[in-house]
Every structure is written in structure tokens, then in C-alpha cells.
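Visitor: Have a look at this one before I ask anything.
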Amino acid sequence: MSETFNACAYLLDRHVECGNGDRIALTGPQGTLNYAQLLDRVARTAAGLRRAGLRPEQRVVMSMADAPDFAVLLLAALRAGAVPVPVSTMLHADGLAALLRDARATFLAVSREFTATAAKAAAQAPELAAVLTGEGAALTASVPVRPLAELALEDEWSAPDATTADSPACWLYTSGTTGSPKAAMHRHGSIPAVCETYGTQVLGIGPDDRCLSAAKAFFAYGLGNSLLFPLSAGATAVLDPTPARPAELAATAREFGATLFFAGPTFFANMLRAGLPADALAGVRLAASAGEPLPAVLHERWSARYGIEILDGIGMTEMLHIFLSNRPGAVRPGTTGVAVPGYDLRILDDAGRESADGTPGTLHVRGASTATGYWCRYAASRDVFRGEWLRTGDTCVRDADGYYTCLGRTGDMLKASGIWVSPAEVEARLLAHPAVAQAVVVGAADADGLEKPVAYIVPTAPVDEAELIAFCRAGLPSVKRPRRVLFVDALPTTPTGKIRRVELRARAAHVLTAPAQPPARPTTETL
């Protein structure tokens, strides 16, 4: 028999048992809980979930904002041996219902902001037994509705379920490398694996840190930033339930004393565009970026403005968090750094052979936080999970010093005039122009049906298409220059802040075949 291990006990009980129960665990606009208070509420809620009929390994889908209720329910489900499943709070009712059915969820938990969507979704999920509502939430549903707070009213205090490191812990839905949403299944042992590698050995999180994330906790990057990492270290999670906006999040950072700040490249760019004062993040000692590559020029502009180093890295929902990252004091802008301790990396060519340094290929990773597979997705699991190794779907190149540079998703690479073109390379050149705030390059077919680069630009100052194309030609081989430059007010993003390249590719489909009618000055599309 394997030794018992429960991730809730790892994140909470051990801090209280060693005398640190009075330390602040959660804080933010919706209140503060110390470790002893949080443990008490979690243990009572776990007992309430069991009384309500929740059994080990049953799924609890969570459509919840980043607030104490989210933390309590996720930890209580882990404690009870059940499987919490945080999902995007931007889903419409049909999308939420599809995930409820796919997960065969027993319970749906919902914050007050999302009750209308939850009520419609619950009616489409025949196996759902109950809806749990967070603070201030009220709805009428086709199944019983239970306020989450009521589950913790009785005196019963639940000990952690006798799970092991290999027991199912949480599911996280992702489109991953194969398109359709699917649940990556993580073990209880995956949680200390990410906390004690990236959290401890890269970020150096300690008990005095306060973690604030622009990325929300319903997906892997935000979950680690906002809950797993701070609780693993006896530190403080700053939870903000409101949509992440630069000025508001900076105010939250000041009010609650954030020392570690997490976001993605789009949010860092939006902070610069918002014109926040240079001391907007005073007190923050370190920032981290993930989700897509952070261009070198954006890193340099942001760090120069706010005086804070950004650690760019790569993570995946299937790996639970970041496995490749720059390190404090050793950042090489434009790269994604080196392997996080505890992870092995290799780059393979199309024939499955290891690529030499300087030669691009598809990145593969192995480590203890790898998901066990996708729920009910046999073919997708076989494609991505390959023995000990996981195929990331990212095209990368490694230099002689072991630093990796991400050239984009393998499917995003372009081949123009027989030469491979990395969108990231062209985007980096465009971002070097002082009038460009954001840039995305996609492929579009020309009149001969051949793929060529097309750029979408968010400008910060007046600039025209010809100037930017000439600027690219001066810094890149001519074949890599964008054939068209389109100006937009903002770039389309996913709920997790990644650029929706598929949408831009669709919009660019006929750009190179339409009659050329250049305006006197650039027009701006709204996406």
C-alpha cells in the first residue's frame, strides 16, 4: 500500500501544526483569513460536502471568482478525496453544461456573478446532484441549491481523506495541443511537485511573500500563482475577484502589499499602454510571465518603467505549471530560460531525433507534475503523453548555454519562399519600433496560394504600413517581412489572456488576395 498523502494537509494542516496558524493565508477585497481560520473553515466544509453526499473521486465543477469561497471549496474537495474542477468563468451556459456533462459532475459551485449562467447550465446536466452557491449568490435551479457557508455550520471537523500521492486531485480543462476542451487529470503528488520546483527554487517564495496574479485561478498558471505556491510556503495569497485591469490591479497590489506579481505578455503590454506611474508596483520584488513568449523589447520597456525583473517561462496545463524559466539575476530577454530543477527537456525533429543546439524542433518535457492523461480522450492522450515524456507542441531552439527560445506553437510556424519563419521573430522586430505596443504575425495565402506573413499591430503613435514594412526589411531577411500590416485597437484574447491567433488567421485569409487600396493613413479595425 502507498503512503497516505493529501494535498490539503500539505497546503494547510502542516503550517497550523507547526505553530503558524496566526499567519495570514488569504487576503483581498473580500476579506482576510489566517491559516488556522482557513483550515477550520475548510475542514468543516469538507465534512459538509460528505454529509451532502459527495464521495471520493466525484467531480465538483467550480465556476467561481478568485475569492475565499474559491479557495475554501477547492481545498475542502481535495480534503474529502473528491476532484475539484475549476473552469473558465467566461463560459456561456451551453459551454458550461458541456463540461458538466463531460466531467459527469456531481456538484456545481458558483459565485454570485455567474448564477444566471449556472442555472441554465444545470438544467442541461442530468447527472448533477446539487448547486453550491458562494457568498451572496442566489438562484433557482432544477436541482437542490445549497449555500456553501451552510456546509460549514455544524461542529463536525473532517480529517483529510486517506488519499495517496497518486490519487486523483484536480482536473483542469484545456484545449492544449489538439483543439477541443479536455480535462488534464492531476494527482495529489503533482501539487508539491510544482510548489517545490518552480515555486521554491525559481521564485524563492517565502512566508513573507504576498502573491497577486492577473491570471485567474480557474486555469493552471493562475491556480499555482494565486493559491498553491503561497499556501505551500506559508505565505499569503491576495485574491481579487474582479476582472484584471492594469490600474485596478496596481491599486490592489499597493493596498494588500503584493511582493510577487504574475501576468502574461498581453497584460504587461496593457500596463505600459495604461501609463501607470513608475511606482505603481512599489513593493513588488519580482514579476513572472507565462502563457506565450515575452518579447525582449516588451521585457526591457516594462522592467525599465517599473524597475522590476520579469521571469519569462513556459508552462502547460498538462504539467500544472512552469517547467522552463528564466532565473532571478540571470534573465536573458527574449528567451524562456533554462529547465526548472526537477524537469528534463529535449528538442526533437520531425523524425523523433534530438536536435542539436541551434536547430529548432518540438519541445518535450518530463517531470513529476505531468498529468496522468486526458479524461476520456484516448487518442489525444496517446498523441501528447508519450511514456515519461510529454510533447508540448511548442517549437523551440536551445543555445550552447542551455537557454531555450520559443519560436511559437509548432502549428503557427510559417514557410515563406521555402524558408521557415517564426512569428515570434517578426513580432520582436515590429515591437522594436517605438510606435508599436503589440504585434502578432500570422500566415495568409497570396494570389498564388503561397503562405506569407501578415502583421496585426496595436500602435502607440502615428505610423503607417509602409514604414513598418521597411523597418522589418531593414532588420530581417526580406522573405520574413510582413506583406501587409493591419492596425487594430486591441488584439483578441482567450479568457486566459493568450492571443487568439486562430481568429487573426481567419481575418487575414483574404488580405493578400483582395485588391490593394492603401488608405492615405492607417485605418484601425476593431476585433
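Visitor: Counting just the residues of the range 364-389 that are in a strand (DSSP E or B) and in contact with a helix residue (DSSP H, G or I) (Cβ under 9 Å, 6 or more places away or on another chain), which one comes out nearest to Leu324 (Cα to Cα)? If you could, list the steps in order and put the result at the bottom.
Guide: First pass over the range 364-389, keeping only residues in a strand (DSSP E or B): 364-366, 374, 385-386, 389.
The next check asks that each one be in contact with a helix residue (DSSP H, G or I) (Cβ under 9 Å, 6 or more places away or on another chain); those that pass are 365, 374, 385.
Values: Val365: 9, Tyr374: 22, Phe385: 18 Å.
Ranking the candidates gives Val365 first.
Visitor: May I ask you to verify whether Ala280 is more than 15 Å from the chain's Cα centre (by Cα), at pLDDT below 95 and more than 23 Å from Leu26 (Cβ to Cβ)?
Guide: Against the criterion (more than 15 Å from the chain's Cα centre (by Cα), at pLDDT below 95 and more than 23 Å from Leu26 (Cβ to Cβ)), Ala280 does not qualify.
Visitor: Which of the helices (runs of 4 or more DSSP H) found entirely inside the range 32-114 contain at least 3 residues meeting this: surrounded by fewer than 24 Cβ atoms within 10 Å (Cβ to Cβ) and without any contact (Cβ under 8 Å) to a residue 60 or more places away in the chain?
Guide: Values: elements: 35-51, 68-79, 93-103.
Per the criteria, 93-103.
Visitor: Is there a residue in the range 4-21 that is modelled with pLDDT of 95 or more, more than 25 Å from the chain's Cα centre (by Cα), open to solvent by less than 20 Å² (accessible area, probe 1.4 Å) and among the acidic types (Asp, Glu)?
Guide: Within the range 4-21, one or more residues are modelled with pLDDT of 95 or more, more than 25 Å from the chain's Cα centre (by Cα), open to solvent by less than 20 Å² (accessible area, probe 1.4 Å) and among the acidic types (Asp, Glu).
Residue-by-condition table, conditions (1) closer than 30 Å to Ala445 by Cβ; (2) surrounded by fewer than 17 Cβ atoms within 10 Å (Cβ to Cβ); (3) among the hydroxyl-bearing types (Ser, Thr, Tyr); (4) in contact with a Pro (Cβ under 7 Å, 6 or more places away or on another chain):
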residue	(1), (2), (3), (4)
Leu345	no, no, no, no
Glu354	no, yes, no, no
Arg391	yes, no, no, no
Val397	yes, no, no, yes
Thr405	yes, no, yes, no
Ala416	yes, no, no, yes
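Visitor: Tally up the residues in the range 358-379 that are without any contact (Cβ under 8 Å) to a residue 40 or more places away in the chain and open to solvent by less than 60 Å² (accessible area, probe 1.4 Å), please.
Guide: Total satisfying the criteria: 2.
Visitor: Could you please find all residues in the range 231-248 being surrounded by fewer than 24 Cβ atoms within 10 Å (Cβ to Cβ) and in a helix (DSSP H, G or I)?
Guide: Scanning the range 231-248 gives Ser232, Pro246, Ala247, Glu248.
Visitor: Out of everything in the range 468-489 that is in contact with a Ser or Thr (Cβ under 8 Å, 6 or more places away or on another chain) and modelled with pLDDT of 90 or more, what residue ends up being nearest to Gly449 (Cα to Cα)? Full working, then the answer.
Guide: Taking the range 468-489 first, the residues in contact with a Ser or Thr (Cβ under 8 Å, 6 or more places away or on another chain) are 479, 487-489.
Restricting the remaining residues to those that are modelled with pLDDT of 90 or more gives 487-489.
Numbers: Phe487: 24, Val488: 25, Asp489: 29 Å.
This residue is Phe487.
The values are calculated or read from the model by the stated rules, or taken from the named source; none is laboratory data. What you are looking at is a predicted structure, and each value in this text was computed from that prediction instead of being measured. FYI the Cβ positions are ideal-geometry reconstructions off the backbone, even for glycines, and counts take in every protein chain you see. Ligands, DNA and RNA are stripped out before the accessible areas are found, and what is left, the full protein with its side chains, is counted by its heavy atoms. Shrake-Rupley method; radii C 1.70, N 1.55, O 1.52, S 1.80 Å.
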